[in-house]
1. Once fully extended, how much extra length lies between B:A145 and B:K326, figured as 0.36 nm per residue of separation less the alpha-carbon to alpha-carbon distance?
2. Beyond 26 Å, how much of the Cα-Cα pair distribution for segment B:152-296 remains, as a whole percent?
3. Regarding segment B:55-177, what are the three Cα extents along the principal axes, ordered largest first, in Å?
4. Can you give me the angle between helix B:50-78 and the longest principal axis of chain B, using Cα atoms only, in degrees from 0 to 90, rounded to the nearest 10?
5. Using modelled backbone amide H atoms (1.01 Å from N, in-plane), which distant-in-sequence or interchain residues come within less than 5 Å of A:I201's amide H?
6. Hey, if we sort B:H321, B:H246, B:H328 by accessible area with the 1.4 Å probe, largest down, what's the order?
7. Compute the distance from the alpha-carbon center of segment A:149-175 to that of segment B:150-184, in whole Å.
8. Structure shown: which of A:K31/A:K225; A:K14/A:K111; A:K192/B:K226; A:K19/A:K242; A:K112/A:K224; A:K19/A:K143 lie over 32 Å apart, alpha-carbon to alpha-carbon?
Amino acid sequence: MKEPILRIANLSKKFGGVKAVDGISFDLEAKGSLGIIGPNGSGKTTLVNLITGFVKPDSGTVFFRGKEITGFMPYRIVNFGIARTFQMVRPLYKLPAFKNLIVPLYSPRVKKFRGGKYGERDEVAVDLLEEVGFERDSLVPYKVASILPHGYLKRLELARCLAVRPDLIILDELFSGMSLSEVASTLPIIEKIKEEGKTLIMIEHRLRELFRIVDRLLVLNFGKKIGDGSPQEMKNNEEVRKAYLGTEVV
Amino acid sequence: MVSYRRERIDRGIKARCNGIFALSSYREMLYLLLPRAIPVVFLLIFPLLEGVVGLYWEKVLVITCIIAFLSLSWDLLASVGLVSLGQGLFFGIGAYFVAFLDNSLGWSPLFTIPLASLTGAFFCAVLLSPIVRLRGIYFAMISLALPLLFARIIEATGILGGTEGLTGLSSLPNAWIELYMPIIGLIVCLFGFRRLINTDYGVVLQGIRDSDRTVMAGGINIYWYKIQVVFISALAGTFIGAFSTHYYQFVGMSAFAIDLSILPLTAAILGGAGTFAGATLGAFILIPMSEIFRAFGTLRVVFNCIILLVFIVALPEGIFHYIQRKYHQFERVVTVGMKK
């Protein structure tokens, strides 16, 4: 078997007495796409926080490309090539949208790519924003983040991820709070990211869209892995249905 | 139901586009140039007017520059989200470092001032590096305690002159340097900081102020950046501390006094934080104002407080932001809603 790009082994985290993530292990192959689903409070976001270093695990290990990154600071992990969006948008509110992207473009990782050098960051930032649907002609990329609608801020999060040229992108409920038309216009962007050969992890409650993109599903409940397999298998899995999908046919 | 609302419209001057200045007339050039040139020219010719304004106001100018320096330093720290209540720390460290160098080496102040500024700022950056992880009130509390801590160390151990201070330090070569060193330093510092904050590096700093987690998710080591900013900010403080030691030829525990922490902060809030020009303007209002009220004796503190209160309640954004808005925007009254 090929060396997996991401290897999670026995990862656990307790908040007080609650086991938010309880001994989760999985491997993810390069260029694969993994969806993580589960009911509210099942530990999906905590799992992402553990992988990206925003929360330190109590036990367990995270390997990225064969290198252990457990408990590293978030900025180091980003520079290894793992980028994530936040479920709750956290833009830099006082800055214009394109200036929000100057920050990731300034990171050590991007220095060696186009857009990491002095003088070309603004241009690359606006190009990136246009890619995720900020209309340049109506000057949306130049507007201050605090006045942008929520759907734009979600896509700004996506653009911030793309700016660091990651190998693994983790999207934490990107579609939540987006209108149907915004979801429809964002889907092709994500499909394109996948086609470009980037590895993708998506946490999502919009299953129809999720099933279109991912070819593997991980189902969590109370911090434990209760299912791992193709979307079709998971649909038919009795335990998964009971915990999350419901007994009616999806 | 007809209601009225004030509408603000930007003045239609496209000043800069991708680094190219596109100005079409002298009027437009002056429009941009004058707000910058007038204060600079004023500062540069003020020392020449000793016959007109008198020696007293020249001295006031130096004190004003000292506070303006510290409030610039405060504003830079605040722009990465570090709200400091102890700007006097930088001043005191610079003051004592230069006094120590002068006492032990006896070199010219023109050499020891830059040397003490750099080593002092480095010392401050190392000293504060463990606490840049703190935010908001926690950083503020520790920054308030640090200058007091140093004052007590000097008092208790009696090093560096103890409570008496160090006297008889060498003076600056001549009166012109005494006046022009803080003035030119202030102009360089003000425009330097304003430029710094608008570079990509400065954008990262502003990002850290807005949300440190987002900046971390962008792959930036925020603690290292904060330490760098502490160094730059401390450099402004230690420089002016070192200057004032040679200016007064004396350094004592008053270099860590609480005034030097509170006045710059007040000046920055009064003038408007976040623009550097506001912090400078605040100092140039606050200090001369309190000198004018000196005739009233102790009552001047009361007047100061009242004026501060009025300004902060009426103009919470700061004087500079208000002036800037009036200068760059038209206002007109428009009707909102249906007419009968």
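The values are calculated or read from the model by the stated rules, or taken from the named source; none is laboratory data. The structure presented is a predicted model; accordingly, all values stated were derived computationally and were not measured. Please note: Cβ atoms are built from the backbone with ideal geometry, for glycine as well, and neighbour counts cover all protein chains shown. Accessible surface is based on the protein model in full, side chains and every heavy atom, while ligands, DNA and RNA are left aside. Shrake-Rupley method; radii C 1.70, N 1.55, O 1.52, S 1.80 Å.
1. Between B:A145 and B:K326, full extension yields an extra 61.2 nm.
2. 41
3. The principal-axis extents, from largest down, are 43, 36, 24 Å.
4. Approximately 80 degrees, to the nearest ten.
5. A:L34, A:I169, A:I170, A:L171
6. So, going from the largest accessible area down, we get B:H328, B:H321, B:H246.
7. 54
8. A:K14/A:K111; A:K192/B:K226; A:K112/A:K224; A:K19/A:K143
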